[in-house]
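The values are calculated or read from the model by the stated rules, or taken from the named source; none is laboratory data. Not measured: the values here are computed from a predicted model. Quick reminder, even Gly has a Cβ in these numbers, built from the backbone with ideal geometry, and neighbours come from all protein chains shown. Only protein heavy atoms, including side chains, enter the accessible area calculation; ligands, DNA and RNA are left aside. Shrake-Rupley method; radii C 1.70, N 1.55, O 1.52, S 1.80 Å.
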Amino acid sequence: AVYLFENDAIEGRSLLFLGDDDLTSVAVGLLADHLRIRPRNLTVLDADERLVSFLRDSGTKACPIETHHHDLRRPIADSLVGVYDAFFTDPPYTIEGLKLFLSRGTQALRPGVGPLGFVSFGRKSPQDTVAIGSVLAELGLGCVEMVPEFNRYEGAQMLAGSSQMIRVVSSGEGTASDDSYEGPLYTRDKRKQSRG
């Protein structure tokens, strides 16, 4: 939440969270209340109906959280396309998951140069790091900063229990797919598919 504040993604901004099982939207809302700043709106899309219900009840009167029960494998609603100043996501740690979540985030950003994306993503091999760059370029997202080991997860063994923060800015020139996605998104799904 502090990183988003420091990078001008909260005060007066429309901020979209693509999945929020870490409750970052709640942290942003609490920080906004504490600092007496107001985002234009905080919106969360998540496939877990229990989480959506919890988040709906977690917003404050001064900083409510708009929630939508939505599987990002499906296109986002037209009412959410082209209206946000920034998005935040912690997508599945596969290139397919990254591309899907960033496509949805890019679609939601207002047109033009300048809207921001904040992506928590596991550190990868050099080959996958090149693939990450390709995904960003295809979507017209320029990498502004990569902060290694930004998040640390207690008890997590994947990727040494940490992920990096990738801050991107939209060039306004990318091509995001709004097709439904049917393939594997998570590392475990990809392993099953390769063994199958």
> Quick one: helix 126-138 against the long Cα principal axis of the chain, what's the angle to the nearest 10°, folded into 0 to 90?
Replying inline: 50
> Using alpha-carbon positions, what is the distance between the centroids of the stretch 11-45 and the stretch 58-109, in Å?
Replying inline: 13
>> Based on the alpha-carbon set only, what is the convex hull volume of the stretch 22-116 divided per residue, in Å³?
In response: 106
> Tilt of helix 95-108 relative to the longest C-alpha principal axis of the chain, in degrees (0 to 90, nearest 10)?
Replying inline: 30
> How big is the charge dipole of the chain about its Cα centre, in debye rounded to the nearest 20, if each Lys and Arg gets +1 on its Cβ and each Asp and Glu gets -1 on its Cβ?
Replying inline: 240
> What residues have an amide H closer than 5 Å to that of residue 120, excluding those fewer than 5 places away on the same chain, when H is modeled at 1.01 Å from N in the peptide plane?
Replying inline: 89, 90, 166
>> With unit charges on the beta carbons (Lys and Arg positive, Asp and Glu negative) and the dipole taken about the Cα centre of the chain, which residue among 133, 58, 42 sits farthest to the positive side?
In response: 133
> Listed highest first by mean packing, meaning other Cβ atoms within 10 Å per residue, what order do 119-131, 16-28 come in?
Replying inline: 16-28, 119-131
> Percent antiparallel among DSSP beta bridges with both residues in the stretch 48-196, to the nearest 5?
Replying inline: 75
>> Helix-only mean residue ellipticity at 222 nm, the chain, DSSP H runs n ≥ 4 weighted -39,500 (n - 2.57), per residue, nearest 500. What is it?
In response: -9500 deg cm²/dmol
>> Please compute the per residue accessible area over the chain with all protein chains in place, 1.4 Å probe, rounded to a whole number of Å².
In response: 51
> Tell me, what % of the accessible area of the chain is carbon and sulfur with a 1.4 angstrom probe?
Replying inline: 50
>> Suppose R0 equals 30 Å. What FRET efficiency, 1/(1 + (r/R0)^6) with r the Cβ-Cβ distance, do residue 125 and residue 22 give to the nearest 0.05?
In response: 0.75
>> Defining a contact as two alpha carbons under 8 Å apart and six or more residues distant in sequence, what relative contact order in percent does the chain show?
In response: 19
> For residue 44, which sequence-distant residues (separation of 5 or more, or a different chain) have an amide H within less than 5 Å of its own amide H, given hydrogens modelled in the peptide plane?
Replying inline: 17, 66, 67, 68
>> Please list, ordered by chain and number, the residues whose modelled amide H lies under 5 Å from the amide H of residue 84; skip anything fewer than 5 residues away on the same chain.
In response: 109, 110
> Taking the Cα centre of the stretch 71-154 as the origin, how large is its charge dipole in debye, to the nearest 20, when only Lys and Arg (+1) and Asp and Glu (-1) carry charge on their Cβ atoms?
Replying inline: 120
>> Please report Rg (one decimal) and Dmax (integer) in Å for the Cα set of the stretch 6-72.
In response: 11.2, 33
>> Give me a comma-separated list of calculated 3J(HN,Hα) values for the stretch 12-17, in order, Karplus coefficients 6.51, -1.76, 1.60 applied at θ = phi - 60°, integers in Hz, x for any Gly or Pro.
In response: x, 9, 9, 10, 10, 9
